[in-house]
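The values are calculated or read from the model by the stated rules, or taken from the named source; none is laboratory data. A quick note: this is a predicted structure, and the numbers were derived from the prediction, not measured. Note that we place each Cβ from the backbone using ideal geometry, even for glycine, and neighbour counts take in every protein chain shown.
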Amino acid sequence: MSAALLTFFALATLATVGALSLILQRHPIHSALSLIVVMVAIAGLYLLMGAEFVAAVQIIVYGGAIMVLFIFVIMLLNAGVEERTDFSKLAKFGGLPLALALTGLLAAAMVRHGSAIPNPDTPGALASTETLSTLLFTTFVYPFELTSFLILVAIMGALVLAQREKN
Amino acid sequence: MVPTQYYLVLSAILFGLGAVAFVFRRNIITIFMSIELMLNAVNLAFVAFSQARGKLDGQIFVLFVIVVAAAEAAVGLGIIILTARNRQSLNVERVDLLKL
Amino acid sequence: MAEYGFWILTLIKIVLLLIVVLTANAYLTWFERKVVAHMQTRMGPHRVGPHGLLQPAADGLKFLFKEDVMPDGVDKLVYMLAPFLALTLSLTSLAVIPFGPKPLPFTFFGHQIDLWITNPNIGLLVLFAITALGVYGIALAGWSSNSKYPLLGGLRSSAQMVSYELTLTLSVVGVVLMANSFSLTEIIKQQDSSKYGLLGWNLFGIHSFTQVIGFLCFFIAAVAETNRVPFDLPEAESELVAGFHTEYSSFKFAMFFIAEYTSMITVSCLTTILFFGGWNSPFPASWGFTLYLPSLLLIPFGLWLVYDGIKYETLFGRLVLPVVGAALAAIGLALILFPGANEFIQAPFWFLSKVFFFLFFYVWVRGTLPRFRYDQLMNIGWKLLLPVSIVNVIITAAVVLLRATP
């Protein structure tokens, strides 16, 4: 059991426990905190795979901005413990087995055709930020400019939604 | 060395858990968070494949997915705030004016 | 033993760094109280120990013995988690700060002992990631206290921190462009001052482009990030009772306190690394006499301490101060006599003195400026600092491109 495998299982368990906690917690704040744990675990997995820049961006953007936004909204709306409502009969009895079937199908597909996926030559080799940025600004410059436009649209949308009503 | 399959199976499990949370929870914010969980699972698969093939295209795509998720979270939470003020509740089953 | 040597070495370094930083925190509170007091023409703590030097110990004991009150109706898990999170994140960010370029002359079971705990390729991004996560400590503390003042204080404080985070990251992009790397040691190496001395620092930027605007934006944003005066409305005593830490007492409050001072230290270290040359001396290497500056500072200070101690009022002061003064003077003398040690101590000496200057600057600003109103604060963050730092990035990028050898 090498150190890399041990770290992988530790982080994978942390991510799965966080995701389960997201489903099972009743208060939205606890779900949000579990999601933050999942995101930090996934950032750790990125580091294990050598994607250091993506790991840093994951923590800064996802963990430090998007989840802060979620927590602000939960605090502002004073979201309380979820009320128990009755599911439809289909969801109650067929929901969980169907979800497990979906997960099982995906996982089985990965395992069965696993030999077709190439294993990396240099596992955990660090992807340098320089190569990443060169790629981003040469091959992917068009999507890059489009995403900046998308962010502008999102900012305008959020501004419009947050405006007070004019009488 | 961790085989790529392990990452992919973990990604499938997280995606499945996100889908379960999406279907079963009633609070709109928790549903939104499960969407973020599913996006994260997909990101993990992207980076795993990027490492397996030795090219960096997967990681670039992950950056784009993170940006899109941020934009979506901003606008989506704005809509949630407005709807919650309107209906005075965060329960998705209360938004049923168009139901027969 | 040898294969675990790396882990044991790292553990020893972490323990040493923690001890040093926690002591520095304690004496930073003493320093702040003394400096602010002298600025207000009063004396500050001077009874507990000579010159009030044992005041932090008394404060620490007080915190330990206070009653730990947990209000009714708080969310217990989040209430306990928040100060713990704030403290852990503050202390973790010290792991990537380099204190000197050369490793120690002896090895530990074959592993060389560098003057840092870790030096990742993305050191700067790690610091920003930890700053970004630091918002949670405050937001969760405010929310979990189940009371309106902490909630408002927590929300305001986290909104302020998130707003100034943008300026913080953008003002550093100029430095990263000039150094071509996120690694902190690379950034310091790029500001090599052996030829031009002071001018090689990123602040004056003779190698590339001056980063004065970047430094100003960064420092103002950093003061806002650490919730210090003049940006400390969310935790000011006269405004919101005590802001987000109203409902915390005894040790949990001390944890927030330590977290704030540690982030002050981290920000000072970061400012010296990014804009002031890190461990580079302000004098060019050709001015050989400047190698003796550490001794030149230590020996007179030690002798003055001896003189002051002999005439001190209490017996304890008359015993302790001369001994400390004599020890400092002896160290200064030893540095003159052993040029090898003198050579080694140059880099950490300059680094620590610059950090000390920035800490003094922090305290100076605290004693001098009034605080901003919340809307003024947000206006400055979004409408002044953010456009200015974006313009700085554009100009720096243009200059770097023009000066690059094709």
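Using beta carbons and a limit of 7 Å, which pairs, at least six apart or on different chains, have the first residue in region C:15-30 and closer than 14 Å to residue C:116 by Cβ and the second one not in a helix (DSSP H, G or I)?
C:17/C:117
Touching a Phe, Trp or Tyr at 6+ places or on another chain (Cβ under 7 Å), within 7 Å of another protein chain (Cβ to nearest Cβ), within 25 Å of residue A:47 (Cβ to Cβ) and assigned to a helix (DSSP H, G or I), is that true of residue B:62?
Details: touching a Phe, Trp or Tyr at 6+ places or on another chain (Cβ under 7 Å): yes; within 7 Å of another protein chain (Cβ to nearest Cβ): yes; within 25 Å of residue A:47 (Cβ to Cβ): yes; assigned to a helix (DSSP H, G or I): yes.
Yes, satisfied.
Applying the selection to region C:262-302, what residues are under 14 Å from the mean Cα position of the chain (by Cα) and among the β-branched types (Val, Ile, Thr)?
Scanning region C:262-302 gives C:262, C:265, C:266, C:267, C:271, C:272, C:273.
Exactly one condition in (1) part of a helix (DSSP H, G or I); (2) of a type in the set (Val, Ile, Thr); (3) without any contact (Cβ under 8 Å) to a residue 24 or more places away in the chain is false for residue B:2; which is it?
(1)
Only one of these is farther than 26 Å from residue C:251 by Cβ and at the interface with chain A (Cβ under 10 Å from one of its Cβ atoms): C:162, C:135. Name it. Spell out the reasoning first.
Values: C:135 fails: farther than 26 Å from residue C:251 by Cβ.
Going through C:162, C:135 in turn, the sole match is C:162.
Quick one: residue B:82 ticks every box in (1) touching a Gly at 6+ places or on another chain (Cβ under 9 Å); (2) over 19 Å from residue B:25 (Cα atoms) bar one, so which box is it?
(1) is the only condition that residue B:82 fails.
Looking only at residues that are among the hydroxyl-bearing types (Ser, Thr, Tyr) and part of a helix (DSSP H, G or I) in region C:70-117, which one is farthest from residue C:347 (Cα to Cα)? Reasoning before the result, please.
Filtering region C:70-117 down to residues among the hydroxyl-bearing types (Ser, Thr, Tyr) leaves C:79, C:88, C:90, C:92-93, C:107.
If we keep only those that are part of a helix (DSSP H, G or I) as well, we get C:79, C:88, C:90, C:92-93.
Working: C:79: 42, C:88: 28, C:90: 24, C:92: 23, C:93: 21 Å.
Within region C:70-117, the match that is farthest from residue C:347 (Cα to Cα) is C:79.
Here is a list: C:176, C:162, C:241, C:212. Which entry is touching a Phe, Trp or Tyr at 6+ places or on another chain (Cβ under 9 Å), surrounded by fewer than 21 Cβ atoms within 10 Å (Cβ to Cβ) and at pLDDT below 75? Outline the logic, then answer.
Details: C:176 fails: at pLDDT below 75; C:162 fails: at pLDDT below 75; C:212 fails: at pLDDT below 75.
Answer to the selection: C:241.
Pick from region C:110-154 the residues that are in contact with a Phe, Trp or Tyr (Cβ under 9 Å, 6 or more places away or on another chain) and among the β-branched types (Val, Ile, Thr): which of them is modelled with the lowest pLDDT?
C:113
Identify the single condition in (1) within 11 Å of chain A (Cβ to nearest Cβ); (2) among the hydrophobic types (A, V, I, L, M, F, W, C); (3) without any contact (Cβ under 8 Å) to a residue 60 or more places away in the chain that residue C:106 does not satisfy, given that it satisfies every other one.
Among (1) within 11 Å of chain A (Cβ to nearest Cβ); (2) among the hydrophobic types (A, V, I, L, M, F, W, C); (3) without any contact (Cβ under 8 Å) to a residue 60 or more places away in the chain, residue C:106 violates only (1).
What do you reckon, is residue B:11 closer than 20 Å to residue A:105 by Cα, among the polar types (S, T, N, Q) and more than 7 Å from chain A (Cβ to nearest Cβ)?
Details: closer than 20 Å to residue A:105 by Cα: yes; among the polar types (S, T, N, Q): yes; more than 7 Å from chain A (Cβ to nearest Cβ): yes.
So residue B:11 fits the description; yes.
Look at residue B:73 and say whether it is more than 7 Å from chain A (Cβ to nearest Cβ), within 14 Å of the chain's Cα centre (by Cα), part of a helix (DSSP H, G or I) and not β-branched (Val, Ile, Thr).
Numbers: more than 7 Å from chain A (Cβ to nearest Cβ): no; within 14 Å of the chain's Cα centre (by Cα): yes; part of a helix (DSSP H, G or I): yes; not β-branched (Val, Ile, Thr): yes.
So residue B:73 does not fit the description; no.
Can you confirm whether residue C:305 is part of a helix (DSSP H, G or I), surrounded by 18 or more Cβ atoms within 10 Å (Cβ to Cβ) and over 22 Å from the mean Cα position of the chain (by Cα)? Break it down stepwise before answering.
Numbers: part of a helix (DSSP H, G or I): yes; surrounded by 18 or more Cβ atoms within 10 Å (Cβ to Cβ): yes; over 22 Å from the mean Cα position of the chain (by Cα): yes.
Yes; evaluated as a whole, the condition is true for this residue.
Away from every other protein chain (no Cβ under 14 Å), within 22 Å of residue C:10 (Cα to Cα) and surrounded by 24 or more Cβ atoms within 10 Å (Cβ to Cβ): is that true of residue C:97 in this structure? Write out each step before concluding.
On the way: away from every other protein chain (no Cβ under 14 Å): yes; within 22 Å of residue C:10 (Cα to Cα): yes; surrounded by 24 or more Cβ atoms within 10 Å (Cβ to Cβ): yes.
Considered against the rule, which asks whether it is away from every other protein chain (no Cβ under 14 Å), within 22 Å of residue C:10 (Cα to Cα) and surrounded by 24 or more Cβ atoms within 10 Å (Cβ to Cβ), residue C:97 comes out as yes.
Inspect all residues belonging to region A:22-38 and state whether any of them is at the interface with another protein chain (Cβ under 8 Å from one of its Cβ atoms), polar (S, T, N, Q), closer than 21 Å to residue B:16 by Cβ and surrounded by fewer than 22 Cβ atoms within 10 Å (Cβ to Cβ).
no
Looking only at residues that are more than 9 Å from every other protein chain (Cβ to nearest Cβ) and touching a residue at least 24 places away in the same chain (Cβ under 8 Å) in region B:76-100, which one is nearest to the chain's Cα centre (by Cα)?
B:76
Name, by its number, the condition in (1) part of a helix (DSSP H, G or I); (2) farther than 22 Å from residue A:35 by Cβ; (3) more than 7 Å from chain A (Cβ to nearest Cβ) that does not hold for residue B:39.
(2)
Tell me, please, whether a residue that is modelled with pLDDT under 90, assigned to a loop (DSSP other than H, G, I, E, B) and of a type in the set (Asp, Glu) can be found in region C:61-69. So that I can check it myself, show each step before the final result.
Here is the first cut: in region C:61-69, the residues modelled with pLDDT under 90 are C:61-69.
Then keep just the ones that are assigned to a loop (DSSP other than H, G, I, E, B); that gives C:66-69.
Now drop any that are not of a type in the set (Asp, Glu), which leaves C:67-68.
Yes, that holds for at least one residue.
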